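**Q** Shown below is the structure under consideration.
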Amino acid sequence: VRSSREHLKDSQHRKQAIFCVVHGGTDVELRTNSLEYLTSLPWDGYAIGGSLGNGREELKNLLTWMMPLFNVDERRDKCRHLLGIADVDSIHHAVSSGVDTMDSSYPTKLARHGTLMTRDGLIRIKRGQHAKSFGMKIDVDCRCSTCTHYDRAYLCHLFKSNELVALRLASAHNLHFMNQLMSELRRDILHGKL
């Protein structure tokens, strides 16, 4: 409580937004108490953090009952940020539930382990089936620098050879994929589809 007061002290001269983090795990009472107390203070926005459940279904359940609590009075006008989520299904559910922003290391973590994000699902590029995929892009519709210049066979070779450039190329692809996904979601929101 004391640190909250300190952070909120000089709010008119601050040059950055300060968000509180609503905790409480998947426990409805704990999370509701946290949300009610923290939203009574003059934060610039609200982050949803802590344990978000064991798997996508628990996260979806959590967001389903919790997000309407942010649509009361002046709460509805403040940004809602979800901490640490970035798989495609969870992003779609979070955005449709009213989450405004999110962050995660998921795309680069996947890339470091040789997993690439595509519209058709995840590709585990280290698998032998990709060793002879000459001329095959990671994702047919992708325009990232990795897909423009390299094919699946080459990326498979780089990962199998433990070449560090593999991590960079896979990360560039996954980050491009994520940026495209966010751009499409933003467009859907602006056109009233979400």
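**Q** If eta is 1.306 mPa s and T is 10 °C, what Stokes-Einstein diffusion coefficient results for region 84-178, Kirkwood Rh from Cα pairs, in µm²/s?
**A** Approximately 116 µm²/s, per Stokes-Einstein.
**Q** Which residue, 164, 35, 50, has the largest displacement toward the positive end of the dipole of the chain when charges sit on each Cβ (Lys, Arg +1; Asp, Glu -1)?
**A** In the chain, that residue is 164.
**Q** Ignoring solvent entirely, what values of log10 I(q)/I(0) come out of the Debye formula for region 72-132 at 0.13, 0.21, 0.28, 0.29 Å⁻¹ when each Cα is a single scatterer?
**A** -0.48, -0.87, -1.17, -1.20
**Q** Can you work out the base-10 log of I(q)/I(0) for region 1-81 at q = 0.23, 0.26 1/Å, using the Debye formula on its C-alpha atoms alone?
**A** The Cα Debye sum returns log10 ratios of -1.12, -1.32.
**Q** Where the only charges are on Cβ atoms (+1 Lys, Arg; -1 Asp, Glu), what is the dipole of region 60-117 about its Cα centre, to the nearest 20 debye?
**A** 160 debye
**Q** Under a 5 Å amide H to amide H cut-off, with H placed in plane at 1.01 Å, what residues pair with residue 47 once short-range neighbours are removed?
**A** Hits under the 5 Å cutoff: 20, 21, 22, 81.
**Q** Separate question: For region 133-194, report the convex hull volume of the alpha-carbon atoms normalised per residue, in Å³, without decimals.
**A** Expressed per residue, the convex hull around the Cα atoms of region 133-194 is 80 Å³.
**Q** Ok, one more. When the Karplus curve 6.51 cos²θ - 1.76 cosθ + 1.60 is applied with θ = phi - 60°, which whole-Hz ³J(HN,Hα) does each residue of region 52-59 get, with x for Gly and Pro?
**A** 3J(HN,Hα) across region 52-59, in whole Hz: 9, x, 9, x, 5, 5, 5, 5.
**Q** Related question: Scaled to the compact-protein estimate 2.2 N^0.38 Å, what is the alpha-carbon radius of gyration of region 46-106, rounded to two decimal places?
**A** 1.04
**Q** Given a 1.4 angstrom probe, I'd like the percentage of the accessible area of region 16-152 that is carbon and sulfur, rounded to a whole number.
**A** Accessible surface attributable to carbon and sulfur in region 16-152 totals 50 percent.
**Q** Say the dipole of region 63-128 comes from +1 at the beta carbon of Lys and Arg and -1 at that of Asp and Glu; which of 96, 85, 113 then lies farthest toward its positive end?
**A** 113
**Q** Treating the beta-carbon of each Lys and Arg as +1 and of each Asp and Glu as -1, no other charges, what is the dipole magnitude of the chain about its Cα centre, to the nearest 20 debye?
**A** That gives the chain a dipole magnitude of about 740 debye.
**Q** At 222 nm, what helix-only mean residue ellipticity would the chain give, in deg cm²/dmol to the nearest 500, using -39500 (n - 2.57) for each DSSP H run of four or more?
**A** -13500 deg cm²/dmol
**Q** Cα atoms only: what Rg and Dmax, in Å, come out for region 31-140?
**A** Cα radius of gyration and Dmax of region 31-140 are 18.0, 59 Å respectively.
**Q** HN-Hα J couplings of region 159-176 from phi, Karplus 6.51/-1.76/1.60, θ = phi - 60°, integer Hz, Gly and Pro as x?
**A** 5, 5, 8, 6, 6, 4, 4, 4, 5, 5, 5, 5, 5, 4, 5, 5, 5, 4
**Q** Next question, about the same structure. Do any of 15/193; 60/109; 78/137; 109/137 go past 31 Å between their Cα atoms, and which?
**A** As for pairs spanning more than 31 Å Cα to Cα, those are 15/193; 78/137.
**Q** Can you run phi through the Karplus equation (6.51, -1.76, 1.60; θ = phi - 60°) for region 94-111 and list ³J(HN,Hα) in whole Hz, with x for Gly and Pro?
**A** Values per residue, Gly and Pro as x: 4, 5, 5, 8, x, 6, 8, 9, 7, 9, 5, 9, 3, x, 7, 5, 4, 4 Hz.
**Q** May I pose another question? Which whole-number value in Å² is the accessible area per residue of the chain, probe 1.4 Å? Write down the numbers at each step before the final one.
**A** Working: 11520 Å² over 194 residues.
Roughly 59 Å² per residue, with all protein chains present.
**Q** Which whole number in µm²/s is D for the chain by Stokes-Einstein, with the Kirkwood Rh taken over Cα pairs at 37 °C and 0.692 mPa s?
**A** 174 µm²/s
The values are calculated or read from the model by the stated rules, or taken from the named source; none is laboratory data. Note that the structure is a prediction, hence the values are computed from the model and not measured. Reconstructed Cβ throughout: ideal geometry from the backbone, glycine too, with neighbour counts over all protein chains shown. All accessible areas refer to the heavy atoms of the entire protein, side chains included, with ligands and DNA or RNA removed. Shrake-Rupley method; radii C 1.70, N 1.55, O 1.52, S 1.80 Å.
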